[in-house]
1. Is it the case that Asp203 is under 21 Å from Gln169 (Cα atoms), among the charged types (D, E, K, R) and assigned to a loop (DSSP other than H, G, I, E, B)?
2. Does the range 174-190 contain any residue that is assigned to a helix (DSSP H, G or I) and either surrounded by fewer than 18 Cβ atoms within 10 Å (Cβ to Cβ) or at pLDDT 90 or above (or both)?
3. Working only within the range 22-51, note down all residues that are closer than 20 Å to Arg8 by Cβ, in a loop (DSSP other than H, G, I, E, B) and among the hydrophobic types (A, V, I, L, M, F, W, C).
4. Determine which single condition His164 fails, assuming it passes every other condition in (1) surrounded by fewer than 16 Cβ atoms within 10 Å (Cβ to Cβ); (2) within 25 Å of Gly75 (Cβ to Cβ); (3) of a type outside the set (Asp, Glu); (4) out of contact with any strand residue (DSSP E or B) (no Cβ under 7 Å at 6 or more places or on another chain).
5. Regarding Met63, is this residue closer than 30 Å to His164 by Cα, exposed (fewer than 10 other Cβ atoms within 10 Å of the Cβ), out of contact with any Asp or Glu (no Cβ under 9 Å at 6 or more places or on another chain) and free of Cβ contacts under 8 Å to residues at least 12 places away in the same chain?
6. Looking at the range 1-21 only, could you name the residues that are of a type outside the set (D, E, K, R) and not in a loop (DSSP other than H, G, I, E, B)?
7. Being of a type in the set (Val, Ile, Thr), surrounded by 15 or more Cβ atoms within 10 Å (Cβ to Cβ) and touching a residue at least 60 places away in the same chain (Cβ under 8 Å) is true for just one of Val140, Val210. Which residue is that?
8. List pairs: first in the range 98-126 and surrounded by 11 or more Cβ atoms within 10 Å (Cβ to Cβ), second among the acidic types (Asp, Glu) and at pLDDT 75 or above, Cβ under 8 Å, 6+ apart or cross-chain?
Amino acid sequence: MPYLFNTRDDQREMLTAMGATSIDELFAMIPDELRLQRSLALPPAMGELELTQYLGQLAGRNMHAQDSVCFLGAGSYDHFIPAAVDMLASRGEFYTSYTPYQPEVSQGNLQAMFEYQTLICQLTGMDVSNASLYEGGSSVAEAALMCMTVTRRLGKIAVLDSVHPHYRQILQTYLENLDTTLETITCPEGTATAEAIARQLDDQTACLIVQNPNFFGCVEDLRPLADAV
């Protein structure tokens, strides 16, 4: 818990920087009848230990993802970071940029990407794994472009409206100067149906983009969607 200084000298320096002579002057535009004319009814001051314990008690009243099953959506999912991650990430060979052949690239990043790609290939059974993308939105857009190249269908990309809106915005930006239409399929019940998808697809559709679990926190049944595609 950081301690933030707010001495009278600090206050005087900040007021001088703002061109004000007093703190009250900062609130002069607020009518007097709307301003509190008494001191705040605050409890007595606490020491650091007491305050830490009190805030812990308040936080304990919150429900969090570890207490129950979480379907909040919008990227709010259960996250678990193994203790080994912090230990490995703190090692010098991971966070320093020293390497004998390419000093402008972090050797630790190269090692981490190699380990990541190796594990992904082992998990998925694929021969190669890409590790050059930074976040979900760019990955979605690059995957769509790849599908257009492989299928040679440049007319349309279909995406469910249950995909994160930021991802869809990034995809739209990628397609802005291409003769490709981004068609959004609505999911009124929170998940997609094979019938709704089948009505939107044609021989110019390069791919259908689905997020699972989706933005609404729902789990998609991918098998019928894949069969419809």
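1. On the way: under 21 Å from Gln169 (Cα atoms): no; among the charged types (D, E, K, R): yes; assigned to a loop (DSSP other than H, G, I, E, B): yes.
No, not satisfied.
2. For the range 174-190, residues assigned to a helix (DSSP H, G or I) and either surrounded by fewer than 18 Cβ atoms within 10 Å (Cβ to Cβ) or at pLDDT 90 or above (or both): present.
3. Of everything in the range 22-51, those that are closer than 20 Å to Arg8 by Cβ, in a loop (DSSP other than H, G, I, E, B) and among the hydrophobic types (A, V, I, L, M, F, W, C) turn out to be Ile23, Leu40, Leu42, Ala45.
4. Condition not satisfied by His164: (1).
5. Values: closer than 30 Å to His164 by Cα: yes; exposed (fewer than 10 other Cβ atoms within 10 Å of the Cβ): yes; out of contact with any Asp or Glu (no Cβ under 9 Å at 6 or more places or on another chain): yes; free of Cβ contacts under 8 Å to residues at least 12 places away in the same chain: yes.
Answer is yes for this residue.
6. Matches in the range 1-21: Gln11, Met14, Leu15, Thr16, Ala17, Met18.
7. None of the other options fit; the residue is Val140.
8. Cys121/Asp127
The values are calculated or read from the model by the stated rules, or taken from the named source; none is laboratory data. Not measured: the values here are computed from a predicted model. When we count neighbours, we look across all protein chains shown, and the Cβ atoms used for this are built from the backbone with ideal geometry, even at glycine.
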